Amino acid sequence: MKALKQINLFKKLKKNNISYKQYIYMVMLYTKGNISDVAIQILTPVLYNKELNKLTEHALATINNIETLFITPKKLKQNELMGDDYKKDINDFISSFPTTKLPNGKYARSNTKNIETNFQWFFENYEYSWETIKSATNMYVSEYRANNYLYMRTALYFIRKNDGTKTVHSDLADYCDKIKNNVSYTPQKYFKTKIL
């Protein structure tokens, strides 16, 4: 179930020790400029200055802070998100993968536009440099090259793969962590059964 932004509203009100009724009256004062005398009595001196007949700075700051919960953040442009040379970096990434089909029958390389879409998602969710991404990709491809690319993911699914539920996994992020933590590559041997 999707988390509602309204939950954060209630948390902020509780943190600021403001009741729901007080918040409604604050908003009414903020937008309409006046409320009944009975409603004003519910507002504390921290929220409403009776002498000046207006909301306090604290009340205004709280309203503005809560308002930010409901503003959708501006979507960054491709180059702001992935860097000015992202097209070259994406092409370098794709060329790290073999040009052949993998043992599962799929081509290792994927369409540039699809890769770009997956990288957009990646950069929205992770903070790794292109240098780390290149090192992680080289480590990944080297590991699978040693075993003729058996069980290797395509370039597209290496960045992002939905497991059939609503969970999305990134092997690239896992390999970037390996690079970041200086985990070295150790070739794995897969056993083959010989039939005599």
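Tabulated values for the structure
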item	result
The stretch 74-118: number of residues that are open to solvent by 60 Å² or more (accessible area, probe 1.4 Å) and part of a helix (DSSP H, G or I)	10
Single residue of LYS87, LYS113, LYS101 found to be in contact with a strand residue (DSSP E or B) (Cβ under 9 Å, 6 or more places away or on another chain) and among the charged types (D, E, K, R)	LYS101
Near pairs, Cβ below 8 angstrom, 6+ apart or cross-chain, from the stretch 152-167 (under 23 Å from SER96 (Cβ atoms)) to any residue that is small (Gly, Ala, Ser) and in a helix (DSSP H, G or I)	none
Within the stretch 137-167, considering residues that are aliphatic (A, V, I, L, M) and part of a loop (DSSP other than H, G, I, E, B), the one nearest to GLN120 (Cα to Cα)	MET152
Matching helices (runs of 4 or more DSSP H) fully within the stretch 1-42 where at least 1 residues are modelled with pLDDT under 85 and of a type outside the set (Lys, Arg)	5-15
Test: residue in the stretch 60-73 that is surrounded by fewer than 12 Cβ atoms within 10 Å (Cβ to Cβ) and closer than 30 Å to ALA155 by Cα	yes
Scan of the stretch 119-133 for residues that are closer than 15 Å to SER170 by Cα, in a helix (DSSP H, G or I) and not β-branched (Val, Ile, Thr), ordered by number	PHE119, GLN120, TRP121, PHE122, PHE123, GLU124, ASN125
Candidates PHE97, PHE122, filtered to the one that is within 15 Å of CYS176 (Cβ to Cβ) and touching a residue at least 12 places away in the same chain (Cβ under 8 Å)	PHE122
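The values are calculated or read from the model by the stated rules, or taken from the named source; none is laboratory data. Only a predicted model underlies this, so the values are computations on that prediction, with no experimental measurement involved. Here Cβ is always computed from backbone atoms with ideal geometry, including for glycine, and neighbour counts include all displayed protein chains. Keep in mind that these areas ignore ligands, DNA and RNA; they rest on the heavy atoms of the full protein, side chains included. Shrake-Rupley method; radii C 1.70, N 1.55, O 1.52, S 1.80 Å.
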